[in-house]
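Asker: Sharing a structure, written as structure tokens. Questions coming.
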């Protein structure tokens, strides 16, 4: 039967991670696997007056007021962005999918950080992208390496997560941001900047969008409300340089006509209320504590097993394991002990750049669970590394 | 710049209709153009208790209770469908997009009714489909013509709207449904059955899904809540034969992770309440009256100008014009007179099968506006036909 399906289907990668994530939702499992915000910190969804006006079909671009608020926010970050350049999407994932539709044919070269967001890899792969990875270093990717890779591979676009990168947690330095933008401008290479974590910040650091430094290169900036409000609403957005925008709107229209209106209306209301600032400050306070709790637990249990940095924001620790370890096999053992993490393998765009690593989410579990889970995990990984060496 | 974009972008058709539809939203325009349900008949959206449990990320397949209700509904129509075969989508349009992703590469042959739903044409065209059209006759497509077209073109799938077809309004006879299913089974050709209008019925007629008659051929059934509740929610669904389902779920996950949860929760509540049946009966009563009002107005003003049938359900009249008319040019003239319709051209999958026609929506305008608008429209079209002949 498969001979009748599109070639795209052959490129759908294994649903392994998907299957594993379903297991981690088993009651009693301490999960550091997903990128889930904490339910108990999410704002109350009071749709009230929004509901009646949100019933009819709406504009593909999104609700005018929400678009205006987004444009204003982006302008405040230094991005030259009018309301007319903002497209509301059904979660930031749809923004990634629209970028794939816009740029990628079979064999289209794409340049990305290595490691990078696995769902972006899966999505771009479905469209037939050919990946080239650039190692993530302490201050971001190396601008010279970026230039060399562009000259060599002629990518259709470069996909970057400069602030609290997923999975590495890296936040590009100001110098790296400017240098990357200069290379993109010089070569005229489009930038897709994915920025879902920017408002989850625990240690002050520069987060000016790289797009804000571009003078000539085309750009798409992807934003999300999922991490700071309620992901169940499925409302994200993108903004783009003017020439790309009409194509993105038409691809959006073809994908789902428009994004659900009730969530958009509620967000427009919430973002302009005094509750929003308080909510964000509270959420960041709790997440900062959880990050610190995990850091303390990691210092106690993972010294000698892994190297890592303390993330200044976002949702994840990224542990580079000292011993060669089959982290997928280790995950199975961990699940037997009712603790889950995300194996590092699927985050690498090309096999040769892989190293043994794990991603640990610190936003979802409570402090007590973080301490218990990290202790359990260090035992499992200690055993698995020995097994691999034996 | 366009050289950097995907080949898909070259296939994005003109946004003419999109631009026109925006004009029709100008205050004072009587619009028969869109497929809009009437706001004043939409149920109240009282999210109440749904909201709190809908904030976190949810399953890609959709909310379990809603999936179960959909499966039960489809089983009641004779479709062999388990809950595990139901995927909630971000509107029925996303179902169409997922079908495109699943089946279509550049040059993939697709068989469709002629005329057919223009947004499906646009969506499949973006993926590179090569269209072959089958004329819609009084009782549906001709099963012998279907078989000949399958043998000749080897389509990846056949896309049909057997109940209250958009734009023709045709409802396939029971004999045609069975005969079409037999041809698909015999040739093993997948069926994509789009069924968004099935519950909008004003004159009793058989509406058993063609999928229910299939014994062997793979199938995807697309359903919508937009026409019977509130399209602004963006909740639709698909069900498929078991072999296709895992691919569709993974394509859905890659497209937007999952559909907004609040709308799903509200729908599960509303569909099981006693209000639902009352709401549907009332909506159908009002739409039946509007259909009859439009029929009376058409008889008065369009006799001799066009041929049409009275639709037994759905949202549209389809007028085949007697005189050769440039309906796109006529639309511009009509808009000068503050009345809008949908030109027939873009509904035809292949140019050679085109004939001058218009689609008129009867669900959105009030009786008074229907009468006034049809009178206006007949004048405009009378003039435009004369112009074309002169």
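Asker: Taking R0 as 45 Å, what's the FRET efficiency between residue B:22 and residue A:328 from their Cβ-Cβ distance, rounded to 0.05? Walk me through the intermediate numbers first.
Answerer: Numbers: r = 51 Å, r/R0 = 1.12.
FRET efficiency, residue B:22 to residue A:328: 0.35.
Asker: If I model segment B:52-273 as equal point scatterers sitting on the Cα atoms and use the Debye formula, what is log10 I(q)/I(0) at q = 0.12, 0.13, 0.15, 0.17 Å⁻¹?
Answerer: Ignoring solvent entirely, the Cα scatterers give -0.60, -0.70, -0.95, -1.22.
Asker: Take residue A:288 and residue B:144, extend 7 Å from each Cα along the Cα→Cβ direction, and tell me the distance between the two endpoints in nm.
Answerer: 7.9 nm
Asker: State, to one decimal in nm and shortest first, how far the label point of residue A:28 sits from each corresponding label point in the other identical copies (label point: 7 angstrom along Cα-to-Cβ).
Answerer: Computed spacing set for this position: 7.1 nm.
Asker: Right, here's the next one. For residue B:173, go 7 angstrom from Cα along the Cα-to-Cβ vector, then report the distances to that same point in the other copies in nm, smallest first.
Answerer: When each copy's label point is compared with this one, the spacings are 7.9 nm.
Asker: Something else: I need to check one value: relative contact order of segment B:109-176, counting alpha carbon pairs closer than 8 Å and at least 6 residues apart, in percent. Present the calculation step by step, with values, prior to reporting the outcome.
Answerer: Details: 97 pairs, mean separation 29.5, N = 68.
Reported relative contact order: 43 percent.
Asker: Summarise the partner chain shielding of A:233-242 as one whole number: the mean count of Cβ atoms from other chains within 10 Å of each residue's Cβ.
Answerer: Details: counts 7, 12, 1, 1, 0, 0, 0, 0, 1, 0.
If you average over the peptide's residues, the count of other-chain Cβ atoms is 2.
Asker: Determine the calculated [θ] at 222 nm for chain B from helices alone, applying -39500 (n - 2.57) to every DSSP H run no shorter than 4 residues and normalising by the residue count; nearest 500 deg cm²/dmol. Kindly include the intermediate steps, with their values, before the conclusion.
Answerer: Working: 12 runs with 156 residues, N = 390.
It comes out at -12500 deg cm²/dmol, rounded to the nearest 500.
Asker: Once you treat every alpha carbon in chain B as an equal point and sum by Debye, what is log10 I(q)/I(0) at q = 0.07, 0.08, 0.10 Å⁻¹?
Answerer: Relative scattering, expressed as log10 I(q)/I(0), comes to -0.31, -0.41, -0.66.
Asker: Right, next: Taking each residue of A:89-97 in turn, how many C-beta atoms of other protein chains fall within 10 Å of its C-beta, and what is the average? Display every interim value, and only then the final one.
Answerer: Numbers: counts 1, 10, 8, 2, 6, 6, 1, 3, 6.
If you average over the peptide's residues, the count of other-chain Cβ atoms is 5.
Asker: Could you sort A:182-191, A:153-162 so that the peptide with the highest average Cβ count within 10 Å comes first and the rest follow in order?
Answerer: Working: A:182-191: 19.7, A:153-162: 23.9.
Order by mean packing, descending: A:153-162, A:182-191.
Asker: Return the percentage of antiparallel bridges among DSSP beta bridges fully within the protein assembly as shown, rounded to the nearest 5 %.
Answerer: Here the antiparallel bridges make up roughly 55 percent for the protein assembly as shown.
Asker: Relative to the other copies, what are the label-point distances for residue B:106, with labels 7 Å from Cα along the C-beta vector, expressed in nm at one decimal and sorted shortest first?
Answerer: 0.9
Asker: Pop a pseudo-label 7 angstrom from the Cα along the beta-carbon direction at both residue B:243 and residue A:186 and give the gap in nm to one decimal.
Answerer: The modelled label-to-label distance comes out at 5.4 nm.
Asker: Connecting C-alpha atoms closer than 10 Å in a GNM of chain B, tell me which of B:349, B:143, B:27 has the biggest fluctuation.
Answerer: Ranking B:349, B:143, B:27 by mean-square fluctuation puts B:27 first.
Asker: Report, as a whole number in µm² per second, the diffusion coefficient that Stokes-Einstein gives for segment A:153-244 at 20 °C and 1.002 mPa s using the Kirkwood radius over alpha carbon pairs. Each step should come with its number before you reach the end.
Answerer: Numbers: Rh = 13.8 Å.
Taking Rh from Cα pairs, D becomes 155 µm²/s.
Asker: Also, I was wondering about something else. For segment A:258-328, what does the equivalent ellipsoid look like in terms of its semi-axes, each the square root of 5 times an eigenvalue of the Cα gyration tensor, given largest first in whole Å?
Answerer: On the way: eigenvalues 275, 59, 10 Å².
Calculated on Cα positions only, the semi-axes equal 37, 17, 7 Å.
Asker: Another one. Give the calculated FRET efficiency between residue A:296 and residue A:354 to the nearest 0.05, with a Förster radius of 30 Å applied to their Cβ-Cβ distance. If you can, show how the numbers build up before the last one.
Answerer: Numbers: r = 29 Å, r/R0 = 0.97.
Once rounded, the FRET efficiency stands at 0.55.
Asker: Out of all Cα-Cα pairs in segment B:93-224, roughly what percent, to the nearest whole number, are more than 18 Å apart? Please list the in-between numbers first.
Answerer: Values: 4147 of 8646 pairs.
That fraction is 48 percent.
Asker: On to the next question. Normalised by the number of residues in segment B:52-273, what is the relative contact order in percent for Cα pairs under 8 Å and 6+ residues apart?
Answerer: Details: 424 pairs, mean separation 60.3, N = 222.
After rounding, I find 27 percent.
Asker: Does segment A:18-153 come out rounded, prolate or oblate, given a ≥ b ≥ c as the square roots of the eigenvalues of its C-alpha gyration tensor, rounded meaning a/c under 1.5 and, failing that, prolate meaning a/b above b/c? Each step should come with its number before you reach the end.
Answerer: Details: a/c = 1.85, a/b = 1.26, b/c = 1.46.
Verdict is oblate for segment A:18-153.
Asker: How many Cβ atoms of partner chains, on average, are near each residue of B:43-52 if near means within 10 Å of its Cβ? Please report the intermediate quantities before stating the final value.
Answerer: On the way: counts 1, 3, 7, 2, 8, 1, 0, 2, 9, 5.
Mean shielding count: 4.
Asker: Please report the relative contact order for chain A, taking Cα pairs under 8 Å with a sequence separation of at least 6, and give it as a percent rounded to a whole number. Walk me through the intermediate numbers first.
Answerer: On the way: 735 pairs, mean separation 90.0, N = 390.
Reported as a whole number, the value is 23 percent.
Asker: Using a Förster distance of 60 Å, how high is the FRET efficiency between residue A:383 and residue B:281, based on the Cβ-Cβ distance and rounded to 0.05? Walk me through the intermediate numbers first.
Answerer: Details: r = 65 Å, r/R0 = 1.08.
The calculated FRET efficiency here is 0.40.
Asker: Taking a point 7 angstrom from the Cα of residue A:11 along the C-beta vector, which residues in segment A:131-162 have backbone N less than 12 Å away?
Answerer: A:131, by backbone N distance to the label point.
Asker: According to the square roots a ≥ b ≥ c of the eigenvalues of the Cα gyration tensor, what is the shape class of segment B:174-310, taking rounded for a/c under 1.5, prolate for a/b larger than b/c otherwise, and oblate for the remainder? Spell out each step's value before the answer.
Answerer: Numbers: a/c = 2.20, a/b = 1.24, b/c = 1.77.
In terms of gyration-tensor shape, oblate.
Asker: Using alpha carbons only, how many angstrom separate the centre of segment B:281-327 from the centre of segment B:40-92?
Answerer: What the calculation gives is 33 Å, centre to centre.
Asker: Among DSSP beta bridges lying fully in chain A, give the percent that are antiparallel, nearest 5.
Answerer: Numbers: 20 of 38 bridges.
Antiparallel bridges: around 55 percent, rounded to the nearest 5.
Asker: Have a look at B:344, B:140, B:285 and tell me which one the Gaussian network model of chain B (Cα, springs below 10 Å) gives the largest fluctuation.
Answerer: Fluctuation is largest for B:285.
Asker: Report P(r) for the protein assembly as shown: all Cα-Cα distances, bin width 10 Å, range 0 to the bin holding the largest distance, values in whole percent.
Answerer: All Cα pairs, binned at 10 Å, distribute as 3, 14, 23, 25, 19, 11, 5, 1, 0, 0 percent.
Asker: If you take every DSSP beta bridge fully contained in segment A:127-281, what fraction is antiparallel? Give it as a percent rounded to 5.
Answerer: Numbers: 6 of 13 bridges.
So the antiparallel bridges amount to about 45 percent of the total.
Asker: A follow-up question, please. Please compute the modelled spin-label separation between residue A:206 and residue B:174, points set 7 Å along Cα→Cβ, answer in nm with one decimal.
Answerer: Between residue B:174 and residue A:206, the simple spin-label model gives 7.5 nm.
Asker: Between residue B:153 and residue B:309, what is 0.36 nm times their sequence separation minus the Cα-Cα distance? Round to one decimal in nm. Walk me through the intermediate numbers first.
Answerer: Working: separation 156, 0.36 × 156 = 56.16 nm, distance 3.10 nm.
Answer, rounded to one decimal: 53.1 nm.
Read-outs: derived from the displayed coordinates by stated rules, not from any lab. All values reported here derive from a predicted model rather than from experimental measurement. Cβ coordinates were reconstructed from backbone atoms using ideal geometry, including for glycine residues, and neighbour counts include every protein chain displayed.
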